[in-house]
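These notes concern the structure reproduced below.
The values are calculated or read from the model by the stated rules, or taken from the named source; none is laboratory data. Since this is a predicted model, take the numbers as computed values, not measurements. We place every Cβ from the backbone using ideal geometry, glycine too, and count neighbours over all the protein chains shown. These area figures cover heavy atoms from the full protein model, side chains too; ligands, DNA and RNA do not enter into them. Shrake-Rupley method; radii C 1.70, N 1.55, O 1.52, S 1.80 Å.
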Amino acid sequence: MKKNTKTKKVTKKTKPKSEQIIALDLGCGQTKATTQFFTDNMKLTPDKVIGVDIAKCEGVDVVHDLTKFPYPFKDESVDAIYTCHFIEHLDGTERIKFFDECYRILKPGGIMRHMHPYYKSVRAVQDPTHKWPPISENSYFYWDKSWREANKLDHYNIKCDYEFNIYYLWQDPTIANKNEETRAFSIDKYWNIVADMIVDMKKR
């Protein structure tokens, strides 16, 4: 008897657009974050990473001036957002609009990671395109609704509500090996100890 050697063709099913995990790299330039980056650093594996920047270059999928609002994404359509050395190029008023806009397009529970120079590092002021004010830990309280209410600042025109955690990249690498108390003292009292802040945020 002759055996049937035909193999059945398997087609890979793609998720409906509404179910896809979408990540944005805002202000990505030519170094758009990879899917692996989100997996390793944000514990989320997107189906698609969309790079957004003002200039069309390699890695940029959507050309948009990120100081112009709204962004070209639907309400609650994005799972994750990443920025690297971008938000220090926004002034205070633009930052309010930026965090509110991210809040609009993030799904409930959506996450963000931001990396930017620490306010007590020369890196915060060396670039002439950086805008005022430099960014400190306390800057992030303003994106927390309960903090704004507790401090009688809920009259500010800010709508977003995030929880956040802060990490440091050391400008002085010797501090990394010190105990927690010494690190905290050094960050508080000295300049050029921390190079960059990394801030993880979650939409409430």
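So that you can scan it fast, the table gives a plain yes or no per residue for (1) out of contact with any Gly (no Cβ under 9 Å at 6 or more places or on another chain); (2) of a type in the set (D, E, K, R); (3) in a loop (DSSP other than H, G, I, E, B):
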residue: TRP132; (1), (2), (3): no, no, yes
residue: ASN157; (1), (2), (3): yes, no, yes
residue: LEU169; (1), (2), (3): yes, no, no
residue: ARG183; (1), (2), (3): yes, yes, no
residue: ILE187; (1), (2), (3): yes, no, no
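Residue-wise test of (1) open to solvent by less than 60 Å² (accessible area, probe 1.4 Å); (2) touching a helix residue (DSSP H, G or I) at 6+ places or on another chain (Cβ under 9 Å); (3) farther than 22 Å from PRO133 by Cα.
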{"site": "ILE22", "(1), (2), (3)": "yes, no, yes"}
{"site": "PHE38", "(1), (2), (3)": "yes, no, yes"}
{"site": "MET42", "(1), (2), (3)": "yes, no, yes"}
{"site": "ASP61", "(1), (2), (3)": "no, no, yes"}
{"site": "PRO70", "(1), (2), (3)": "no, yes, yes"}
{"site": "LYS107", "(1), (2), (3)": "yes, no, yes"}
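Exactly one condition in (1) over 25 Å from ILE187 (Cβ atoms); (2) out of contact with any helix residue (DSSP H, G or I) (no Cβ under 9 Å at 6 or more places or on another chain); (3) crowded, with 17+ Cβ neighbours inside 10 Å is not met by ALA80; state its number.
Tallying (1) over 25 Å from ILE187 (Cβ atoms); (2) out of contact with any helix residue (DSSP H, G or I) (no Cβ under 9 Å at 6 or more places or on another chain); (3) crowded, with 17+ Cβ neighbours inside 10 Å, ALA80 fails exactly one: (2).
Please enumerate the residues belonging to the range 110-124 that are outside any loop (DSSP other than H, G, I, E, B), out of contact with any Lys or Arg (no Cβ under 6 Å at 6 or more places or on another chain) and open to solvent by less than 40 Å² (accessible area, probe 1.4 Å). Steps first, answer last, please.
Of the range 110-124, the ones outside any loop (DSSP other than H, G, I, E, B) are 110-117, 122-124.
Remaining after also requiring out of contact with any Lys or Arg (no Cβ under 6 Å at 6 or more places or on another chain): 112-116, 122-124.
MET112, ARG113, HIS114, MET115, HIS116, ALA124, listed by residue number.
Can you name the residue in the range 173-190 that is under 23 Å from CYS84 (Cβ atoms) and surrounded by 13 or more Cβ atoms within 10 Å (Cβ to Cβ) and, of all such residues, is nearest to the chain's Cα centre (by Cα)? Give the steps one after another, and end with the answer.
If we filter the range 173-190 for residues that are under 23 Å from CYS84 (Cβ atoms), which is where we start, we get 173, 175-176, 187.
Okay, now just the ones that are also surrounded by 13 or more Cβ atoms within 10 Å (Cβ to Cβ), so 175, 187.
Details: ILE175: 26, ILE187: 23 Å.
Top of the filtered list is ILE187.
So LYS159 ticks every box in (1) more than 25 Å from ILE22 (Cβ to Cβ); (2) more than 16 Å from the chain's Cα centre (by Cα) but one. Which box is left unticked?
Failing condition for LYS159: (1).
Filter the range 125-140 for residues that are farther than 14 Å from GLY92 by Cβ and surrounded by 13 or more Cβ atoms within 10 Å (Cβ to Cβ) and give the result. Even if it seems obvious, please write down each step before you answer.
Residues of the range 125-140 that are farther than 14 Å from GLY92 by Cβ, as a first pass: 125-129, 137.
Hits for the range 125-140 are VAL125, GLU137.
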